[in-house]
Amino acid sequence: MNKRNDDIVSTRLKELPTHAPADGLWQLIESALDMEDAISKRIADLPEYSPGINMWEDIESGLSVPDQSNTKRWYLLPAAAAVLFLLSLPWLIQRNSGIIVETEIILSEAEPSGSQIGNDEADPIDVIENLCKTGTPACQSANFREKFQLYMELDNELRQLETIIDRVGDSPEIIQSVIRIENLKSNTLQELIQLIYS
Amino acid sequence: MKSQQREHGPTDRELVEACLENSRQAQRALYEKFKIQLYTLVYRLVNDHDAGNDIIQDAFIEIFRSMKSFRFESSLYTWMRTIVIRNAMSYLKKASRLHLSEDEIPELPVQGAFNFTAEHLEKAILSLPDQARSVFVLIEIEGYKHREVSDMLNISEGTSKSQLNYARKLLRTRLATAQYE
């Protein structure tokens, strides 16, 4: 039964009627092609425009103003570092068994007003600086001061790279350097935290 | 060829080297050399003289400040043009003017000779929707490829192609229906 139906369909498919386009279609196609040709020919003759007469003076005064484009990024850098740190905190805690819950609770009690490492709005290095201001003994050690100095130097180096990127654009080498310094910064921060909690 | 260039002023390389030494004279010469080409492109992209002037000003400042990154891997004009287009596209995006539009356009038969001038064509180009006009200008006038335009406008190659077809069809219709003196 099905086979018979298939045969009928197959036969009828061969008998389907044909359809012709509208009589004027070629005229439309031809005129469209002619119009395209006419447009292409006239593109070469399109008019030109000049910028405003005082444009050079505006550019010159713009060049004499120091590049401010970095400013916005400086606001973002500490925030980015804080976010990076907060995201890596679980991993840091897991990796460093020296950081224990009891120690955190004690410090939290000592500093109840927003200076905890886990505070979402705080920059980690600011938190460390605040802890040091309370007289945390670890901050007095030469090792800690050395690491802290290293962190600040890395931070400064990162800012210089940002300046270079803003001035001359980035490149794979510069991006690699930024990542390398970010990683070093992150490791140094981790070491500073370990020293405080040890 | 080089001697011809010398007769008409410094070469691009010489201008770039002088600009890198912060020679204001060289910067001015570079500006004068390319201002019309670049401004014409910007104006066609944004269809607004005030915005065009702002874009050109910012673009030239960026060009001079980032001159160190120009490595002569392309022509100086090509490099400068990229910066100018990026600024123009950024403006259109900020102004939320880059909308996809592809209304159905009936194909109209064109009667008689094509007596429209380049000025008529310019007017028709400027009347195109921003997205379609940007694609048309970049591909048909500036000679970019769909792949490059898709990167610049952050659209797919397919969208770039369909927007070009849309622009062409709109131009044909508008030029066909316009009355010319």
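Values in this text are rule-based calculations from the coordinates and carry no lab data. No experiment lies behind these values; they were computed from the predicted model shown. Note that we place each Cβ from the backbone using ideal geometry, even for glycine, and neighbour counts take in every protein chain shown.
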Margin query: Between 0 and 90 degrees, rounded to the nearest ten: what's the tilt of helix B:76-94 against the longest Cα principal axis of chain B?
Written below: 50 degrees
Item checked: Between the range B:118-181 and the range A:149-198, the Cα center-to-center distance that results, in Å -> 46 Å
Next item on the list: Would you kindly give the portion of the calculated P(r) for the range A:1-49 that falls above 16 Å, as a percent of all Cα pairs?
Entry: 68 percent
Checklist line | Among B:V84, B:V16, B:V42, residue whose mean-square fluctuation peaks in a GNM of chain B (springs only between Cα atoms under 10 Å) | finding: B:V16
Next item on the list: As a check on your grasp of the helix formula, calculate [θ] at 222 nm for chain B: sum -39500 (n - 2.57) over DSSP H runs of n ≥ 4, divide by the residue count, round to the nearest 500.
Entry: -21000 deg cm²/dmol
Notebook entry, point to check: What is the average number of partner chain Cβ atoms found within 10 Å of a Cβ in B:56-69?
Noted result: 5
Margin query: Can you tell me, using C-alpha contacts under 8 Å and at least 6 residues apart, the relative contact order of chain B as a whole percent?
Written below: 20 percent
Notebook entry, point to check: Averaged over peptide B:136-144, how many Cβ atoms belonging to another chain are found within 10 Å of each residue's Cβ?
Noted result: 1
Notebook entry, point to check: Counting every Cα pair in the range B:128-168, what percent are over 13 Å apart?
Noted result: 37 percent
Checklist line | Label point distance in nm, B:S69-A:E153, each placed 7 Å from Cα along Cα→Cβ | finding: 2.9 nm
Check: Regarding the range B:32-90, what are the three Cα extents along the principal axes, ordered largest first, in Å?
Finding: 32, 21, 17
Next item on the list: Using only the Cα atoms, work out Rg/Rh for the range B:19-160, with Rh taken as the Kirkwood radius, to two decimals.
Entry: 1.02
